[in-house]
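J.: Before I ask anything, here is the structure I am working with.
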Amino acid sequence: MKLLVVLVLSLFAGINGSTNTTAKMVCYYDSGSFIREGLGQLLNPDLEFALRYCTHLVYGYCGIKPDTYQAFSLHEDLDIYQHQFSEVTALKKKYPYLKVLLSIGGDKDLDPEHPNKYLELLEGERTRQTDFINSAYSLVRSYGFDGIDLAYQFPKNKPGKVHSSVEEKLLKKIKKLFTGDFVVDPKAEEHKEQFTALVRDLKTTLHPDGYLLSLTVLPNVNSSLYFDVPAVSDFADLINIAAFDFLTPERNPEEADYTAPLFELYDQKRFSHNNADFQVAYWLDNDCPPRKLILGMATYGRAWKLSSDSNASGGAPVVPKTKGAADAGLLTGTPGLLSWPEICAKLPNPSNTFLKGADAPLTRVGDPSKRYGTYAFRLADSHGNHGIWVSYEDPETAANKAGYVHTKGLGGLSMFDLSYDDFQGLCKGGKYPLLKAAKNRL
């Protein structure tokens with residue numbers, strides 16, 4: 001009888017997200033998905049369904065004003081005037097184990113008129129940084145958040161061609177260690193010191209009131225240039241490594257490859273840093289406590305358009321002579337980016353078995369090694385049309401990455417973001433199949 005009670009309580013705890021494991025499931029939520037149209041719109045009941053699996057919810061996104069350098073909501077009408085900030089943080093009453101952090105920065109705060117405002121904040125006088133910290137603290141305190149996630153914008157590595165010659169790769173290694181790419185910031189060392197000071201001061205402001213501070217390392221940002229790992233690891237409660245989008249149709253329009261492999265692929269002259277294991281190892285080797293390190297994965301895929309000349313090897317990567325981003329999907333509306341339900345609908349199923357042309361099903365290629373990832377493709381026809389190649393995550397690869405977290409003893413897994421998982425259950429596996437697969441493996 002006692003054993004039965006224990007099993008029932010364990011099942012109940014698992015359903016409600018409060019398990020015995022210390023591994024964290026960090027869920028990123030883009031509030032902009034609330035105002036999307038059609039099936040891509042993620043409303044609060046859909047969001048709440050995910051919270052039984054999340055230990056942390058990172059609410060995005062806030063940005064930095066270029067004139068005052070204060071933090072502000074990128075969707076003020078929704079977040080403040082329609083009370084979305086307050087409605088989401090109020091969900092903690094129902095899910096008391098949940099921590100809700102407010103994310104500042106990220107790639108949503110791109111400002112073509114002020115592209116360097118994040119560096120300007122670092123380079124500015126102490127008053128400028130104090131104004132930023134105070135404004136961020138005020139948002140957290142006013143709307144019931146549990147802390148801040150700082151997804152700081154730094155210059156990204158310049159994209160490199162996978163099929164580089166030996167001479168080209170040697171030249172790049174000389175120019176920039178760790179990434180093999182050209183120098184992107186001659187003042188990187190200065191910016192590293194300034195960022196460390198900013199993180200220290202932010203912690204000093206937040207921690208006395210019990211607020212958390214997490215850092216997000218954005219894709220294609222060179223950690224060795226901008227992060228004093230021992231110092232910021234001491235200041236931050238969590239560090240999310242966004243280990244995906246190493247290649248994208250925007251950065252690499254003429255060749256397609258795995259966008260988020262777990263481990264290095266040693267063939268075809270690939271760069272050694274374009275994998276999750278390399279990024280994680282760098283932080284661990286530089287004394288970041290494993291329990292603070294969170295591996296980030298995407299819930300979407302990157303899709304290239306194939307030409308008649310990119311049909312070599314039957315779709316196996318690296319795929320040459322691609323034609324940039326594939327057409328946008330109906331849910332995401334972004335060329336070259338497909339959510340999991342959009343990808344799932346293109347895989348073989350009873351409704352598309354006999355379809356042709358642009359509606360014909362893709363061929364899925366799995367990864368028995370659990371090292372690189374999954375891709376799917378449709379070769380271009382004789383006229384060079386309807387070709388597509390997609391590198392993506394599915395429930396199987398999500399579980400694999402959670403298994404990697406477990407094996408390495410890391411702090412947990414983070415997902416970017418909930419709105420690109422199948423939150424409506426349009427495909428098989430019910431609602432949030434990627435999130436559930438990862439959580440179950442953790």
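The values are calculated or read from the model by the stated rules, or taken from the named source; none is laboratory data. This one's a predicted model, so the numbers in the text were calculated from it and none came from an experiment. Neighbour counts run over all protein chains shown; Cβ positions are idealised from the backbone, glycine included. Protein only, heavy atoms only, side chains kept; ligands, DNA and RNA dropped before computing areas. Shrake-Rupley method; radii C 1.70, N 1.55, O 1.52, S 1.80 Å.
J.: Got a sec? Which strands (runs of 3 or more DSSP E) wholly within the range 45-116 have at least 2 residues that are touching a residue at least 24 places away in the same chain (Cβ under 8 Å), crowded, with 21+ Cβ neighbours inside 10 Å and under 20 Å from the mean Cα position of the chain (by Cα)?
T.: Those strands (runs of 3 or more DSSP E) span 56-64, 99-105.
J.: Please determine, by comparing only the residues of the range 136-155 that are assigned to a helix (DSSP H, G or I) and of a type outside the set (F, W, Y), which one is nearest to H75 (Cα to Cα).
T.: Out of the qualifying residues, it is L139.
J.: Can I ask one more? Filter the range 264-288 for residues that are without any contact (Cβ under 8 Å) to a residue 60 or more places away in the chain and more than 21 Å from the chain's Cα centre (by Cα); which is most open to solvent (accessible area, probe 1.4 Å)?
T.: This residue is Y266.
J.: Follow-up question, since we're still on this one. E250 passes all but one of (1) out of contact with any Gly (no Cβ under 9 Å at 6 or more places or on another chain); (2) open to solvent by 20 Å² or more (accessible area, probe 1.4 Å); (3) touching a residue at least 24 places away in the same chain (Cβ under 8 Å); which number fails?
T.: (1)
J.: Then there's this: From K321, K356, K401, grab the single residue that is closer than 20 Å to L265 by Cβ, among the basic types (K, R) and surrounded by fewer than 18 Cβ atoms within 10 Å (Cβ to Cβ).
T.: K321
J.: Could you identify the single residue in S272, S214, S223, S233 that is of a type outside the set (A, V, I, L, M, F, W, C) and in contact with a Cys (Cβ under 7 Å, 6 or more places away or on another chain)?
T.: Within the list S272, S214, S223, S233, the selection yields S233.
J.: I've got another one for you. Consider the range 21-44. How many of its residues are assigned to a loop (DSSP other than H, G, I, E, B) and either surrounded by fewer than 19 Cβ atoms within 10 Å (Cβ to Cβ) or of a type in the set (D, E, K, R) (or both)?
T.: Residues meeting the conditions: 6.
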